[in-house]
Amino acid sequence: MDHYAPTTACRWSIPQQGGDAGDRGLAATTDVLRTTGPEPLLPSDEREEIMRCLGHAVNIFPDSPREALEEAEGAFDEATAQLANALAERRRALRAGWAELAPETQSTELRLALREYRELTGRLLRA
């Protein structure tokens with residue numbers, strides 16, 4: 001198996017203990033350019049870091065299964081925390097866009113807000 005030493009450890013993972021474990025793995029899947037679809041909920045650098053850590057966990061599993069699982073768990077925890085924060089911010093922005101509108105606001109503006117809620121909720125349910 002082709003391994004190389006990572007340049008940095010995952011910021012939420014346990015410290016590396018020698019070896020020549022790599023971190024390529026799943027990170028390559030984030031290199032695809034997005035041309036269609038909704039905007040990602042997490043910034044690309046954060047997604048890439050999580051994917052890098054997951055790839056590293058996959059690569060070190062044969063030599064250090066427990067360390068790999070701990071690193072994968074850390075990546076999962078980081079992803080869920082960042083996603084929860086991103087969703088809370090998105091909700092705040094959506095609500096701010098319609099909550100203070102005058103009662104006579106055109107239904108078109110309110111319909112757009114409803115569409116955003118529906119699309120975001122649909123993305124969550126499909127995940």
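Data overview
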item: The stretch 99-107 - phi-based ³J(HN,Hα) in whole Hz, Karplus 6.51/-1.76/1.60, Gly and Pro as x; result: 5, 9, 6, 5, x, 8, 3, 4, 5
item: S107 versus D63: modelled label distance in nm, points set 7 Å from Cα along the beta carbon direction; result: 6.5 nm
item: Cubic angstrom per residue, convex hull over Cα atoms of the stretch 70-126; result: 60 Å³
item: Simple label model, 7 Å out from Cα along Cβ direction - A99 to E73, nm; result: 3.7 nm
item: Inter-site label distance for L114 and E39 at 7 Å from Cα along Cβ, in nm; result: 2.4 nm
item: Accessible area per residue in Å² at 1.4 Å probe, computed on the stretch 41-127; result: 69 Å²
item: Candidate residues R115, R126: accessible-area rank, largest first, probe 1.4 Å; result: R126, R115
item: Contour minus Cα-Cα distance for R123 and A86 (0.36 nm per residue); result: 12.0 nm
item: Centre separation in Å (Cα based) which lies between the stretch 102-123 and the stretch 72-97; result: 21 Å
item: Heavy atoms of E109: accessible area, 1.4 Å probe, square angstrom to 10; result: 90 Å²
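The values are calculated or read from the model by the stated rules, or taken from the named source; none is laboratory data. None of these values were measured; they are calculated from a predicted model. All Cβ positions, glycine included, derive from the backbone under ideal geometry; neighbour counts span all protein chains shown. What goes into the accessible areas is simple: the full protein's heavy atoms, side chains included, and nothing from ligands, DNA or RNA. Shrake-Rupley method; radii C 1.70, N 1.55, O 1.52, S 1.80 Å.
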